[in-house]
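The values are calculated or read from the model by the stated rules, or taken from the named source; none is laboratory data. From a predicted model like this one, the values you see are computed outputs, not experimental measurements. Note that each Cβ is placed from the backbone with ideal geometry, even for glycine, and that neighbours are counted across all protein chains shown.
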Amino acid sequence: EELYKAVDCHPQGELSLYDPFMDAAFMTGILPFDGAAGYYNYCRGNNALPMKKYFNTNYHYLRPNIKSPDFSFSWDKYKYLSVKNPSVLSITGPFTLLKLSHLETPMEACAAPLARAYAGLFDAYPDALFHVEEPAFVLDLSVDDVKIAGAIYHELQEYLERMYCLTYYDSVEVPELLEIEFAAWGLDFVAGPGNLSNLKHLNKKSILIAGLVDGRNVFKKDDRLIRERLSEIKGIAGNEIWISNAGPLSHLPFSTENETDPVMQSRFVFAREKLDELRECGKINLAEIAARTPKVSKKAVSYDIPDSWREPYEKRLQAQAWLGLPVFPTTTIGSFPQSEDVRKMRNDFRKHRIDSSEYEGFINNKIKEAVRMQEELGYDVLVHGEYERTDMVEYFAEKLSGIHTTENGWIISYGSRCYRPPIIEGNVARLKPMTLEEIKYAQSLTKKPVKGMLTGPVTIIAWSFVNPDIPIQKIAHEIGNALQQEVRDYIKAGIRVIQIDEPAFREKAPVKRAAWPGYFDWAVKAFRVAAFAAPDVQIHTHMCYSDFDEIIAEIERLDADVISIEASRSRGEIIKAFETYKYSRQIGLGVWDIHSPLPPAKESMSDVVSRSIKQIPRENFWINPDCGLKTRKWKEIEAPLTMITEVARELRYKMADFPAAVRES
């Protein structure tokens, strides 16, 4: 409450036990609420829901399964969290809840019953207003989607005067939606410039909550641009105007006050400081801003990344025969447990309590431990464990020029998992080798191949705050060049299996598919710049928790030799993509959900593999966990890692080329 004194209106009840989206599923009876233990069972337990990226952000929401149109207001989150004096309550909107859930029943059959469940919530708080979060309104909507959204809010007609409908991440392109007479409409004029031209469809009764202060970036607001945009808004819409942040502030760290670097406090603004920016905007006298016709948008500054093509895949496959891998090869994704002793030694080293030789000796011992374990379990391609790395993006950001890192700039990725996004100002360059010594040391311990481990240019950009004044293509090219220098050093050192992770490849794609071609053009080219290598070098990439079926063709354009993807929490649903698209490269299926502390069942691993092998040729099939192991404890990983190699060995035996009678005996 003290923080929000900077603004005139703010929502309550945004906090969550784990995931606000899943909260709405509990509140409407999609999931049964049975205390905290039952709640967390859907997060990380036996009933763990699939994780999905939330629009084009790095936040992961939990996707519920709607089996029937049986809804009711059945859990009062606000009472559970002891919200005091509720006046403006926040909740995920009914259309977004339906659109982003997995449906086993027709969406249109859910519209009216779900609306009635929301009516039960609104009736429970007759004196409250509601921030109804409807970011799904900015998606590419079908005619049926629009009808369903209309039906929901027709059912809720009597409550519209108590709803502020908030949208963000892009523009609302459907006139019929903008005609709904909410008490207020929140539109994003930062990520959704198309909202400006669509204002002519906005009903005249609603207050316009204009998202003009960027809620997803830490660079300071542009006062001239805000005034210019306000002038253009007034030139189109005659509605009462409120000024707000564009996008939830949960995408930002808390406050620059927690940073000791004076650069952070002088040049950047986090969530707390965004409220101050809003207060400054509140001083703008709208009556003095002249209405004017919007200018024709200037064409964005173009920057084309030169393309890099390796030898054809068939030739590379022959050149990589030196690996001598068995059918169904096994590997892990990269990181091993970041146990308490690892974090303590890293902290001691950063605070100069120990010298570099002691720290490097400790890291080498950990690498030796990880290599030994993988060898004993029979893994085919090994990793060094990434003990020297705090985070897969932050680690590289600290070693590249043109990028700042923070001390306490934490934001949520999912549940209790947080990370510190770097801040990219531009002119990114590699100053010296970043990961070479650790990989070389790991390779010196074994005759098996050890993967060089890098984070790709798209993911470094997606999980950072990027200077909006520099073409993103230019920054991607700079990062790709820096990674290519590291790849060359790997190869000179004899490291010829290299993984360049791109978990944000789908996530970073624009919300509107019309903008996909431009995005995938630079994203694919930046990866290929980083991954350029001789045919005998095997390039891997890794992706997780996205709808890959939508972008299989773009993934193939990356031209990696092997891709590893999540398949455990989604129960192998990704394999549907390969039923219609014949992916020609090798693929590693993640058969163990490492985000759950519960031990996996070997049978569940085998089930995923059995389903997948019907679509993926066995010579293209790898088996691995679905993500890195840094969040797990040592005692939690040995049994599942053992199961993976056992599943692989059993498959090799079962599918060996000898008579079935001999095989069965």
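Points worth noting:
- Residues of region 589-605 satisfying the condition of being among the small types (Gly, Ala, Ser) and either outside any helix (DSSP H, G or I) or at pLDDT 85 or above (or both): 590, 596, 601
- Selection of region 448-467 for residues being touching an Asp or Glu at 6+ places or on another chain (Cβ under 8 Å), surrounded by fewer than 23 Cβ atoms within 10 Å (Cβ to Cβ) and within 30 Å of residue 270 (Cβ to Cβ) yields only 467.
- Among all positions in region 428-447, there is at least one residue which is crowded, with 20+ Cβ neighbours inside 10 Å, hydroxyl-bearing (Ser, Thr, Tyr) and farther than 26 Å from residue 225 by Cβ.
- Against the criterion of being assigned by TED's automatic domain parsing to the domain that holds residue 136, over 30 Å from the mean Cα position of the chain (by Cα) and modelled with pLDDT of 95 or more, residue 243 does not qualify.
- Flag for residue 99 being over 29 Å from the mean Cα position of the chain (by Cα), in the same structural domain as residue 124 (by TED's automatic domain parsing) and either loosely packed, with under 14 Cβ neighbours inside 10 Å or not in a loop (DSSP other than H, G, I, E, B) (or both): no
- The listed residues are 489, 469, and the only one of them that is in contact with a Leu (Cβ under 9 Å, 6 or more places away or on another chain), among the charged types (D, E, K, R) and farther than 27 Å from residue 623 by Cα turns out to be 489.
- Of all residues in region 96-122, those that are in contact (Cβ under 8 Å) with a residue 12 or more places away in the chain have Cβ atoms under 6 Å from Cβ atoms of residues that are among the aromatic types (Phe, Trp, Tyr) and assigned to a helix (DSSP H, G or I), 6 or more apart or on another chain, in 122/159.
For (1) among the small types (Gly, Ala, Ser); (2) surrounded by 14 or more Cβ atoms within 10 Å (Cβ to Cβ); (3) closer than 23 Å to residue 504 by Cα, each residue gets a yes or a no:
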{"site": "594", "(1), (2), (3)": "no, yes, yes"}
{"site": "609", "(1), (2), (3)": "no, yes, no"}
{"site": "619", "(1), (2), (3)": "no, no, no"}
{"site": "624", "(1), (2), (3)": "no, yes, yes"}
{"site": "629", "(1), (2), (3)": "no, yes, yes"}
{"site": "637", "(1), (2), (3)": "no, yes, no"}
{"site": "654", "(1), (2), (3)": "no, no, no"}
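- When residue 518 is tested against (1) under 22 Å from residue 589 (Cα atoms); (2) small (Gly, Ala, Ser); (3) without any contact (Cβ under 8 Å) to a residue 60 or more places away in the chain, only condition (1) is not met.
- In the set (1) out of contact with any Cys (no Cβ under 7 Å at 6 or more places or on another chain); (2) modelled with pLDDT of 85 or more; (3) charged (D, E, K, R), residue 626 fails one condition alone, (1).
- Pairs are defined by a Cβ separation below 6 Å, a sequence spacing of at least 6 or placement on different chains, a first member in region 132-159 that is over 23 Å from residue 20 (Cα atoms), and a second member that is among the acidic types (Asp, Glu); the pairs so defined are 146/176.
- Cβ-Cβ distances below 7 Å connect the following pairs, each with a first residue in region 401-413 that is outside the structural domain of residue 476 (by TED's automatic domain parsing), a second residue that is of a type in the set (Lys, Arg), and a separation of six or more residues or different chains: 405/420; 406/420; 409/420; 410/420.
- In the set 209, 152, only one residue is among the β-branched types (Val, Ile, Thr), in the same structural domain as residue 232 (by TED's automatic domain parsing) and more than 29 Å from residue 228 (Cβ to Cβ); that residue is 152.
- Condition check for residue 550: assigned by TED's automatic domain parsing to the domain that holds residue 450, crowded, with 19+ Cβ neighbours inside 10 Å, within 19 Å of the chain's Cα centre (by Cα) and modelled with pLDDT under 95: no
- Candidates are the residues of region 37-89 that are farther than 14 Å from residue 17 by Cβ and among the basic types (Lys, Arg); the one that is farthest from the chain's Cα centre (by Cα) is 84.
- Sole exception among (1) surrounded by fewer than 20 Cβ atoms within 10 Å (Cβ to Cβ); (2) over 21 Å from residue 540 (Cα atoms) for residue 378, by number: (2)
- Annotation for region 347-358: no member residue is of a type in the set (Asp, Glu) and in contact (Cβ under 8 Å) with a residue 40 or more places away in the chain.
- Once region 390-441 is narrowed to residues that are of a type in the set (Asp, Glu) and under 23 Å from the mean Cα position of the chain (by Cα), the residue that is farthest from residue 339 (Cα to Cα) is 425.
- Only one of the listed residues (531, 560, 567, 577) is surrounded by 24 or more Cβ atoms within 10 Å (Cβ to Cβ), under 23 Å from the mean Cα position of the chain (by Cα) and at pLDDT below 75. That residue is 567.
- Odd one out for residue 292, checked against (1) exposed (fewer than 14 other Cβ atoms within 10 Å of the Cβ); (2) assigned to a helix (DSSP H, G or I); (3) of a type outside the set (Val, Ile, Thr); (4) more than 27 Å from the chain's Cα centre (by Cα): (2)
- Odd one out for residue 324 among (1) in contact with a helix residue (DSSP H, G or I) (Cβ under 9 Å, 6 or more places away or on another chain); (2) assigned by TED's automatic domain parsing to the domain that holds residue 482; (3) not hydroxyl-bearing (Ser, Thr, Tyr): (1)
- Total residues in region 1-43, condition farther than 27 Å from residue 594 by Cβ, in contact (Cβ under 8 Å) with a residue 24 or more places away in the chain and in a helix (DSSP H, G or I): 4
- Among residues of region 42-55, those that are buried (at least 18 other Cβ atoms within 10 Å of the Cβ) and more than 22 Å from residue 134 (Cα to Cα), counted: 4
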